[in-house]
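Reading through the structure tokens given below for one structure.
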């Protein structure tokens, strides 16, 4: 994909190659999976009244 | 013996009915009235719409589950509520019309002691000329059957792309007052993912069209998260993803007409525009299902119980509906989901009338409202269903005189996992939490608690989305230990 100057997508951040790697790295994502589940569980516990 | 009638068997109604039936036991009666014979885990319809799942994987038959759960199941649609009874009877009742169980078209008066309105949305394709899969020119993923149809059309398009044709794909919302931008967001990136898998992504231009003021608004006024040393708006992350996936976007748009190959839309600046397409999935606006209400004398009292959109009044502060956005307050939102006029009636999920929008109201110079309406689906709707069930349990079994549990959207969070492509090792999804759902600028600088609000995209998000699919279908089928799966 080419970014054309002064087009709609030329002022947005885009992920670096390392960020893209981390998003698909199974080992790193395994730990993120645990972290996301913990965050969501805490949220659920805070939300029931 | 008390009888609780639940109108609707979606996420909120099913949650309320199944918990109540478990807690109340056989001494009391829980009746579910729903026109559908099957339950649908709607979040996974996105995957059905791109051929990643079959319809059978996202639905199941309700009758055996309700039999197991001690719920009296009526496959019927609710027609009217009679909260004072009628000239014939003191007992309050609802009229229902059967859509199955070998009684199609038969009407019945169903008495109740407590009523939970969980009727969900009417998919209002009629609000925009030419919108929708039945009489219009767009596909939808709002029901499992719609999603199957969408996938068939997408497959036809892919076959044409494989023969060398370039195609234009338009995905988004089909009206200026739509909610559920998340579904359109998910379908956009799942189509992108599918086209890559099929090796034809370079043959397609994908455009996203939305009524949001900025990408990432999602009808909840957007959100801020902490990342990389900054507190950053979700708009930045949304635009980044669209750019990364080479998806163009049209924002602040009200689609007012859909023709066979193009949409006509008005922007917030008042300009009239059009965009052509070869394939389009546009989410319709939601309305109430059109329930009527009558008093004892048979006089139509619908406007006392429902707002003009067909959503039921509850214990919200509706006086704030006409005041400026800056004067809205988190406390405007309902606590108990209880109708103020008839205390034995509750409304949960999409069925309750919100006091006002969550996003800032906007109008074009032509007077056209272009703003997302408040989402009341998913996790918040299940929480409302459970809170009302807990309150009714305490009222019926413990003689509580008032509801005992609250489900205030300004005091509850929401977790949302938006798929951006399916695949055990190739998939991705945006995992988000926000706390609270309704921004509270008096309490939090950015409207929400930054420790409870986050978002990230990656493979782990896809695993979480798939886990939710398995867990919630397990729970909805009342399989062993279903009650310990949190909603």
In a strand (DSSP E or B) and either more than 18 Å from residue B:297 (Cα to Cα) or modelled with pLDDT under 95 (or both): is that true of residue B:135 in this structure? no
Against the conditions (1) in a loop (DSSP other than H, G, I, E, B); (2) under 26 Å from residue A:41 (Cβ atoms); (3) facing another protein chain (nearest Cβ under 10 Å), where does residue B:374 fall short? Just the number, please. (3)
When the residues of region A:6-47 are filtered to those that are outside any helix (DSSP H, G or I) and more than 7 Å from every other protein chain (Cβ to nearest Cβ), which remaining residue is surrounded by the most Cβ atoms within 10 Å (Cβ to Cβ)? A:25
With within 30 Å of residue B:423 (Cα to Cα), at pLDDT 95 or above and under 24 Å from the mean Cα position of the chain (by Cα) as the only criterion, which of B:15, B:99, B:34 stands out? B:15
Quickly run through region B:324-338 and pick out the residues that are assigned to a loop (DSSP other than H, G, I, E, B) and surrounded by fewer than 24 Cβ atoms within 10 Å (Cβ to Cβ). B:324, B:328, B:329, B:335, B:336
Given (1) surrounded by fewer than 20 Cβ atoms within 10 Å (Cβ to Cβ); (2) in a helix (DSSP H, G or I); (3) within 9 Å of chain A (Cβ to nearest Cβ), index of the condition residue B:473 fails: (3)
Residue count, region B:206-236, condition surrounded by fewer than 22 Cβ atoms within 10 Å (Cβ to Cβ) and at the interface with chain A (Cβ under 10 Å from one of its Cβ atoms), comes to 4
Only residues that are touching a helix residue (DSSP H, G or I) at 6+ places or on another chain (Cβ under 9 Å) and within 18 Å of residue B:416 (Cα to Cα): list them for region A:30-42, please. A:32, A:33, A:34, A:35, A:36, A:37, A:40
Test residue B:248 against the criterion of being within 14 Å of chain A (Cβ to nearest Cβ) and in a strand (DSSP E or B), and give yes or no. yes
Answer yes or no: is there a residue in region B:266-274 that is within 26 Å of the chain's Cα centre (by Cα), within 29 Å of residue B:413 (Cβ to Cβ) and not in a loop (DSSP other than H, G, I, E, B). no
Can you tell which of B:360, B:386, B:408 is touching a residue at least 60 places away in the same chain (Cβ under 8 Å), within 14 Å of another protein chain (Cβ to nearest Cβ) and touching a helix residue (DSSP H, G or I) at 6+ places or on another chain (Cβ under 6 Å)? B:386
Cβ contacts < 8 Å: first residue farther than 18 Å from residue B:358 by Cα and facing chain A (nearest Cβ under 7 Å), restricted to region B:412-441; second residue modelled with pLDDT of 95 or more and part of a loop (DSSP other than H, G, I, E, B), any location; separation 6+ or different chain. Result? B:428/B:420; B:428/B:421
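The values are calculated or read from the model by the stated rules, or taken from the named source; none is laboratory data. Fair warning: this is a prediction, and the values are worked out from it, not measured in the lab. Glycine also receives a Cβ, built like all others from the backbone with ideal geometry; neighbour counts cover every protein chain displayed.
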